[in-house]
Amino acid sequence: MSVKAWLKERFPIDYDKFIEINENIFIKEPIPIHMKKWWYCMGATPLILFTLQVLTGIFLAFYFVPSPEMAYESVRHITQDVRFGFWVRGLHRWGANLMILSLFLHITRVYFTRSYQKPREINWILGVILFGLALTFSFTGYSLTYNQLSYWAVTVGTNLIKSVPIIGHSLLVFMRGGEEVTANTLTRFYMLHVWFLPLFLVFFLVLHIIVLRLHGVSEPEGFPKGKYFPFYPHHFYKIIIATLFLLAVMSALSIILPPGIGLPADPTTTPFHIKPEWYFYPTYRFLRMVPLKVGIYVTAAFLIAFTFWPFIEPLLSKKNSVRRNISYGVGALTLIITLALTIWESLT
Amino acid sequence: MINEENQKRRSFLKNFGIIGALLIAVGLFFRDLWLYLYPPKRKKKFHKYLVAKLNSVPLGKAKEITLGNDPVFVVHLDQGYRVFSGICTHLGCHVRWEEEKQRFFCPCHKGVYDKTGKVISGPPPRPLDQFKVEEDKNLVYIYVETKTRGPWS
């Protein structure tokens, strides 16, 4: 009996149908012609990076110990003792940074090509949720290293939650596993980082891709409409090349700028220079400029407007050209403010 | 014709180079991950440990001492001193010295070793482990592995 026949008996699936579905869904997926340009075909970058993050994360979990006594020591052990530990940790750390960067670029691209317009509003919102999850991933991730910066980032970050009206205090106690930052906080953040967030992210990612596939990739203005090429081989190989390129970049960065370990967490001394990671700079700078309550309400209002922009934009005008100009204006302004706050914060 | 040949050779070399480099890179990637998972074998270090005075154990007798939590037997034989680990090589129970029968006996599964540590009967797969012994100025030393205590060792 041939292997194929043996397998067919054990898994009685209609193989021809299976191959047909695979051909229709993956191999022959119609990709719009503009995606032959590198500039427009990088939407899969965050997905590639997420896959690599899962891989390197699993590898880090082989040595990481989530307890206040051992967290810092185990990160030190990985970085300094374990063979290629600095590299694996470097890949994970740089992967996280590149992930945020690629999401930022992806969102900017989607915004300025106005791909969020009807009927793709829901996918924009799913994308915003995914971006929020990625930021939470990063925050919980660098909190696990349990050095001075990560300890105080957790303290400050969870204190911010307290300002949320009505449920703030309960949320704080829930996040910290008590009133103070303790071992409970560390295990909670660890649980969030390796179980809760990956599950949620995969769920929303699958939804994001399903909605994308149902509508097809949006075709930006200025390209010939209705011209497609199949997913395989052109786009498939582009993704492979992008993966190899990203790995090479991450490897190089890990060697040139290896991850540090900082000073061990000291709950009795707040360091002089405490800053979050660069992707929180705009929010951080803004919150430092204005009273806390104002800062939180304005940030919340911005987030709501940002999330529901595909529904807000059509209300602004009936003319497409006016709507487009408003969108470009708002987008450009947001971009300039974000960049300005980031640069300002990094210089101070 | 010559041009075509050159072209073929050039594209062959190009593909060979690209695919070769790619395979090497992928190979190194997985090799490094493999090394990451397997902690390197450390070279064992030993130090001398005093177990008896030369004449303190009469011929044909054994003295039991403990090393950490483990029993160790210092046996005085015709050939000199031998020092055995008291851990049964079967499943790790502690053996006892039976002087009248000149043997070691493991109560767990009735493993029996003679006075030189060889298995006489029972399930033990190999003789009792022995320490390297050194007699120096009326004293008997054994070489004990130096173990540092830490979370990673």
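What to note about this one:
- For the peptide A:77-88, the mean number of other protein chain Cβ atoms found within 10 angstrom of a residue's Cβ is 3.
- Once the C-beta distance of residue A:8 and residue B:12 is scaled by a Förster radius of 45 Å, the resulting FRET efficiency is 0.65 to the nearest 0.05.
- Heavy-atom accessible area ranking, 1.4 Å probe, most first, across A:58, A:274: A:58, A:274
- Mean ellipticity per residue at 222 nm, deg cm²/dmol - from DSSP H runs of n ≥ 4 across chain A, formula -39500 (n - 2.57): -21000 deg cm²/dmol
- For segment B:46-145: span of alpha carbons on each principal axis (Å, largest first): 40, 29, 18
- Per-residue packing, averaged as other Cβ atoms within 10 Å, sorts the ranges A:76-88, A:10-22 into the order A:76-88, A:10-22, beginning with the highest.
- Spread of Cα-to-Cα distances over 10 Å intervals beginning at zero, given as percent, for segment A:88-200: 13, 36, 31, 17, 3
- Number of partner chain Cβ atoms within 10 Å, mean per residue of A:185-196: 0
- Over chain A, relative contact order from alpha-carbon pairs under 8 Å, at least 6 apart, %: 27 percent
- Interface area, B with A, accessible, probe 1.4 Å, both sides summed, Å² nearest 100: 1600 Å²
- Kirkwood hydrodynamic radius computed over segment B:1-41 comes to 12.5 Å, based on all pairs of distinct alpha carbons.
- Listed by chain and number, the lysines whose C-alpha is less than 18 Å from the C-alpha of residue A:162, apart from same-chain residues fewer than 8 away, are A:293.
- Sorted peptide list for A:191-203, A:320-332, A:129-141, criterion being average Cβ within 10 angstrom, highest first: A:129-141, A:191-203, A:320-332
- With the simple spin-label model, which puts each label point 7 Å out from Cα in the Cβ direction, the residue A:65 to residue A:83 separation comes to 2.3 nm.
- Segment A:307-348 and segment A:209-249: distance between their alpha carbon centers, rounded to Å: 26 Å
- If R0 is 30 Å, the Cβ-Cβ spacing of residue A:252 and residue A:221 corresponds to a FRET efficiency of close to 0.25.
- Label-point gap, in nm, between residue A:288 and residue A:23 - each point 7 angstrom along Cα→Cβ: 6.0 nm
- Here each label is just a point 7 Å from Cα along the line to Cβ, and for residue B:77 and residue A:328 those points are 9.5 nm apart.
- Listed by chain and number, the lysines whose alpha-carbon sits under 17 Å from that of residue B:115, ignoring those within fewer than 8 places in the same chain, are B:61, B:63, B:101, B:132.
- Compactness of chain A - radius of gyration and Dmax, Cα, Å: 22.8, 76
- Computed helical MRE - 222 nm, chain B, DSSP H runs ≥ 4 contributing -39500 (n - 2.57), nearest 500: -8500 deg cm²/dmol
- Förster-model FRET efficiency, 25 Å R0, residue B:98 and residue B:53, C-beta, rounded to 0.05: 0.55
The values are calculated or read from the model by the stated rules, or taken from the named source; none is laboratory data. Quantities reported herein were computed from a predicted structural model and do not represent experimental measurements. Using ideal geometry, Cβ is built from the backbone for each residue, glycine included, and neighbour counts are taken over all protein chains shown. Keep in mind that these areas ignore ligands, DNA and RNA; they rest on the heavy atoms of the full protein, side chains included. Shrake-Rupley method; radii C 1.70, N 1.55, O 1.52, S 1.80 Å.
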